Amino acid sequence: MRSDKGNNPPHGVRQQPEASLDLFANALSFIGLNLIWLFFAVWMLFGMVPVLFFALLLNHMINRLEDRIAQEQS
């Protein structure tokens with residue numbers, strides 16, 4: 001009889017499959033790559049000022065999302 005006691009996570013901790021973590025990392029890198037070419041295309045078409053405004057807007061939206069998630073968890 002084999003005992004797998006050492007492989008169980010601590011109480012209250014969920015294990016995620018490796019495949020979902022790999023997909024999440026790939027999605028984040030894909031988003032980052034798309035943002036790079038999007039910033040570059042907007043910079044070439046309209047100049048640096050709209051790129052800075054878009055970056056500020058994106059940063060603001062990320063901060064709002066972070067605050068909302070923090071409120072839901074508390």
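In table form, for the structure just shown:
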quantity	calculated
All positions within the stretch 20-70 that are outside any helix (DSSP H, G or I) and basic (Lys, Arg)	none
Ala25 at pLDDT 90 or above and not β-branched (Val, Ile, Thr)	no
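The values are calculated or read from the model by the stated rules, or taken from the named source; none is laboratory data. The shown structure was predicted, so the numbers you read here are calculated from the model rather than taken from an experiment.
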